[in-house]
1. In segment 272-303, what count of residues is obtained for those that are of a type outside the set (F, W, Y) and farther than 19 Å from T159 by Cα?
2. Mind checking which residues of segment 59-82 are open to solvent by 40 Å² or more (accessible area, probe 1.4 Å) and either under 26 Å from G216 (Cβ atoms) or of a type in the set (A, V, I, L, M, F, W, C) (or both)?
3. Counting just the residues of segment 145-164 that are part of a loop (DSSP other than H, G, I, E, B) and within 16 Å of ligand 2 (Cβ to nearest atom), which one comes out nearest to the chain's Cα centre (by Cα)?
4. Just the residues that are assigned to a loop (DSSP other than H, G, I, E, B) and open to solvent by less than 40 Å² (accessible area, probe 1.4 Å), please, taken from segment 95-107.
5. Of all residues in segment 169-179, how many are in a helix (DSSP H, G or I) and of a type in the set (G, A, S)?
6. Considering each residue of segment 295-310, count those that are in contact with a strand residue (DSSP E or B) (Cβ under 8 Å, 6 or more places away or on another chain) and either free of Cβ contacts under 8 Å to residues at least 12 places away in the same chain or closer than 14 Å to G216 by Cα (or both), and give that number.
7. Scan segment 115-132 and tell me whether some residue there is among the β-branched types (V, I, T) and either open to solvent by less than 10 Å² (accessible area, probe 1.4 Å) or touching a residue at least 60 places away in the same chain (Cβ under 8 Å) (or both).
Amino acid sequence: MSDDKFSSPSSAPSELSDERLRPGALDEFIGQSEIKRQMRLFLNAAKKRKKAPDHILLSGPPGLGKTTMAFIASEEMKVPMRITSGPAIQHPGDLASILSSLEEGEVLFIDEIHRLPKVAEEMLYIAMEDFRVDVMVGKGPGAASIPLSLPHFTVIGATTREGMLPRPLITRFGLSLRLDYYKAEDLAELVKRSAGILAIPISDGACMELARRSRGTPRIANRLLKRVGDWVTVENVKMAREEDVKEALSIYQVDPLGLDRLDIALLSALELQFKGGPVGLKNLAAVLGENAETIECVSEPYLIREGFMARTRKGRVITAKGREHLALGRKDLFSA
Ligand SMILES: Nc1ncnc2c1ncn2[C@@H]1O[C@H](COP(=O)(O)OP(=O)(O)O)[C@@H](O)[C@H]1O
Ligand SMILES: [Mg+2]
């Protein structure tokens, strides 16, 4: 993989430092076996037909591997990938110029595709369906719209909010894959692989402990591993064991189940301010001083999946498990 492919303006510098850890092929992508199977079949079919594959939609919470999967797809197809994002496209003209510069077979990766402006969205689904874009020429009464035909290309869209995408756009994707939180066993394998790359000596038990505290999320697992790496360096540890992971991570206030500050704040607000609920998302967001989208797409999916809270027709409620975890926390949530 060439470096310049990764120098996308949309990836934050902290993400760039992770490039070494990013798997470059489908076989190196850990976990998510169903998704890998679907992707493999889909790409193999396209390769056999020697045609650009259908458009792909990747959805799921942050840090689960959407961008990674997009890179892998373009790698496997051996085609270049152009990167942009919903917020980067301010005007439909921005999208028109990207589309009209695409070459046959290229992949166009659109991160946070749910944040495309409406007009751009419409332009995109016409382009996806008919491989055509209407370019406006001239201004005022003399302006004309000229249809420009495009080569066959593949859009890979990534979103944390599939529910916000309009039907007409969703139906343009031939393959829609939903990434889910990872099992601890899979994350342990991921941590082991990353530790090898970063040359951090760590035992299998420690990998598992780290995995359990990573909120089911590869990005978090890699980040915590680096903090354990700091500990190893500073404490002159030959081989990080479970206890080292616990001690190192307690410094960073990572809870034994991997819940982060916002997760805990959310559960606490539910329990204390709202007497366990039900409460609406807006009220919850106001109390937490957080934006509703972050709560809905980042915190809640994990808390609900793990059974700490639930979403009912009347609003959000805390569960017995959530209460229990908070009670535990009042004693020593963040300690080993
Ligand atoms: N299945 C996986 N196997 C190995 N590493 C992964 C996997 N999924 C994600 N990662 C790692 O986690 C990091 C975050 O993944 P990314 O694709 O940026 O997530 P997203 O785009 O969904 O927010 C990447 O840098 C990559 O190294
Ligand atoms: Mg991403």
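The values are calculated or read from the model by the stated rules, or taken from the named source; none is laboratory data. Here the structure is a predicted model, which is why all the values come from computation and not from measurement. Please note: Cβ atoms are built from the backbone with ideal geometry, for glycine as well, and neighbour counts cover all protein chains shown. The accessibility values were calculated without ligands, DNA or RNA, using every heavy atom of the protein model including side chains. Shrake-Rupley method; radii C 1.70, N 1.55, O 1.52, S 1.80 Å.
1. Let us first name the residues in segment 272-303 that are of a type outside the set (F, W, Y), namely 272-273, 275-301, 303.
Keeping just the survivors that are farther than 19 Å from T159 by Cα gives 272-273, 275-290, 303.
The number of residues fulfilling the criteria is 19.
2. At the first step, the residues of segment 59-82 found to be open to solvent by 40 Å² or more (accessible area, probe 1.4 Å) are 62, 75-76, 78, 80, 82.
Scanning segment 59-82 gives P62, E75, E76.
3. Ranking the candidates gives T160 first.
4. The first filter runs over segment 95-107 and keeps only residues assigned to a loop (DSSP other than H, G, I, E, B), leaving 101-106.
Matches in segment 95-107: L102, G105, E106.
5. Residues in segment 169-179 being in a helix (DSSP H, G or I) and of a type in the set (G, A, S): 0 in total.
6. Of the residues in that region, 4 qualify.
7. No, every residue in segment 115-132 fails to be among the β-branched types (V, I, T) and either open to solvent by less than 10 Å² (accessible area, probe 1.4 Å) or touching a residue at least 60 places away in the same chain (Cβ under 8 Å) (or both).
Yes or no, residue by residue, for (1) more than 25 Å from the chain's Cα centre (by Cα); (2) more than 16 Å from ligand 2 (Cβ to nearest atom); (3) assigned to a loop (DSSP other than H, G, I, E, B):
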| residue | (1), (2), (3) |
| --- | --- |
| P87 | no, no, no |
| G93 | yes, yes, no |
| F109 | no, no, no |
| A120 | no, yes, no |
